[in-house]
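One structure is given here, and the rest of the page talks about it.
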Amino acid sequence: MQGRNGLTYRDAGVDIDAGNALVDRIKPLVKATRRVGADADIGGFGGLFDLAACKFKDPVLVAANDGVGTKLAVAIEANIHGTVGIDLVAMSVNDLVVQGAEPLFFLDYFATGKLSVDTATDVVAGIANGCKIAGCALIGGETAEMPGMYKDGDYDLAGFAVGAVERSDILPRPTVAAGDVILGLASSGVHSNGYSLVRKIVERSGLSYADASPFAEGKSLGEALLEPTRIYVKPVLAAHRETGAIKALAHITGGGFVDNIPRVLPEKMSARINLDAVPVPAVFGWLAAVGGLDQAEMVRTFNCGVGMIVVVAPEDADKVAAVFAREGESVVRLGVMEADEAGPRTLFDGALAI
């Protein structure tokens, strides 16, 4: 029945029909992420996952959530929405795998002022793609249309991942010791941290996101800066399970080497990183030059070319590196662990090639 004033929810800025159209559009994308334990159907009030089907013996659940930050502002201004969903998945599943956990399922939250079915479909397609790369099922999510909360065209994302690990395989291990080797897995670029600074640097450069990238041939600046975060799940799980030799992992996100590596180290133990060994992608050289950033700012803001740190005993370094190389990762030896009364902290030798 119509109320006295004749208003509808659509008059207030919320289009239920658009929301239903989005669900219909994304159903096949979601279905493509199904895995053991989940059929990845959506439309109910909650997503179901059958942990018993995964055949864990003594599982511990691990949960993580994150967003994409102001990288979304680049996507919105550049009108490129198909890859930020990969970033959303990556930021959570990479955090899960550093504890040895296999990501099982993912939930997303998409909030906007006025729902564009096309834009939201592009975003969810990226999320589904990220879930397939990580081997987890997209079993549900929420689309919130909130007029007055966001400007036209703006949206925000949050992601939630749950994984499981056998109790005996939880990382980091308490056996991290002086002399252990630190391996680094190459990043795909800036990943999803530091974009408030990146955007300031772009503003200073005078370039638009549609202009040709000064550091990535054949791409616009927007395309180059939206290179999605690398998802390390399958290579890390392969190395962890096949060798049993990984002692600790660190996902290099906001805070760079300085803040992330100490999070997985025992007391009075520090990581000594040789910055000469870091494979610095061209984007970081451009950011440092245009922004006037010194090395200290770079290593505490960006991954600088290394998205994941792996700690192993010296005698295991070659076999672990070989598994990563077989799985398609670029691996470098970055340094060693050392006893340090002031630790845990990250110590540096050498200089970044910026």
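Numerical summary
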item	result
Members of segment 145-175 that are of a type in the set (G, A, S), open to solvent by 50 Å² or more (accessible area, probe 1.4 Å) and at pLDDT 95 or above	S168
Boolean, V299 is open to solvent by 30 Å² or more (accessible area, probe 1.4 Å) and either in contact with an Asp or Glu (Cβ under 7 Å, 6 or more places away or on another chain) or not hydroxyl-bearing (S, T, Y) (or both)	no
Index of the failed condition, A239 passing every other in (1) open to solvent by 30 Å² or more (accessible area, probe 1.4 Å); (2) farther than 30 Å from G141 by Cβ; (3) of a type in the set (A, V, I, L, M, F, W, C)	(1)
Residues satisfying the stated conditions in segment 122-142, i.e. modelled with pLDDT of 95 or more and either closer than 19 Å to I76 by Cα or of a type in the set (D, E, K, R) (or both)	D122, V123, V124, A125, G126, I127, K132
Of residues in segment 328-348 being farther than 15 Å from G307 by Cα and open to solvent by 70 Å² or more (accessible area, probe 1.4 Å), the one nearest to the chain's Cα centre (by Cα)	R345
Filter pass, V68 being surrounded by 24 or more Cβ atoms within 10 Å (Cβ to Cβ), among the β-branched types (V, I, T), touching a helix residue (DSSP H, G or I) at 6+ places or on another chain (Cβ under 6 Å) and not in a helix (DSSP H, G or I)	yes
Matching residues, segment 242-265, being among the acidic types (D, E) and surrounded by 16 or more Cβ atoms within 10 Å (Cβ to Cβ)	D259
Answer residue from segment 17-65, given it is among the basic types (K, R) and under 30 Å from S168 (Cβ atoms) and is least open to solvent (accessible area, probe 1.4 Å) among those	R35
Number of the condition not met by G6 [criteria: (1) in contact (Cβ under 8 Å) with a residue 12 or more places away in the chain; (2) open to solvent by less than 80 Å² (accessible area, probe 1.4 Å)]	(1)
Some residue of segment 266-273 being within 22 Å of the chain's Cα centre (by Cα) and either open to solvent by less than 50 Å² (accessible area, probe 1.4 Å) or in contact (Cβ under 8 Å) with a residue 40 or more places away in the chain (or both)	no
Residue among D154, D180 that is within 22 Å of the chain's Cα centre (by Cα) and of a type outside the set (S, T, Y)	D154
Residue match in segment 111-128 (condition: aliphatic (A, V, I, L, M), under 18 Å from T253 (Cα atoms) and in contact with a helix residue (DSSP H, G or I) (Cβ under 6 Å, 6 or more places away or on another chain))	no
Matching residues, segment 88-144, being polar (S, T, N, Q), closer than 17 Å to A164 by Cα and open to solvent by 10 Å² or more (accessible area, probe 1.4 Å)	Q99
Search result, residues across segment 91-126 that are without any contact (Cβ under 8 Å) to a residue 60 or more places away in the chain and β-branched (V, I, T)	T112, T119, V123
In segment 191-226, the residues that are under 21 Å from the mean Cα position of the chain (by Cα) and among the polar types (S, T, N, Q)	S192, N193, S196
F284, sole failed condition from (1) assigned to a loop (DSSP other than H, G, I, E, B); (2) touching a Cys at 6+ places or on another chain (Cβ under 7 Å)	(1)
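The values are calculated or read from the model by the stated rules, or taken from the named source; none is laboratory data. Please read all numbers here as calculations on a predicted model, not as lab measurements. Neighbour counts run over all protein chains shown; Cβ positions are idealised from the backbone, glycine included. Surface accessibility is based on the protein's heavy atoms, side chains included, excluding ligands, DNA and RNA. Shrake-Rupley method; radii C 1.70, N 1.55, O 1.52, S 1.80 Å.
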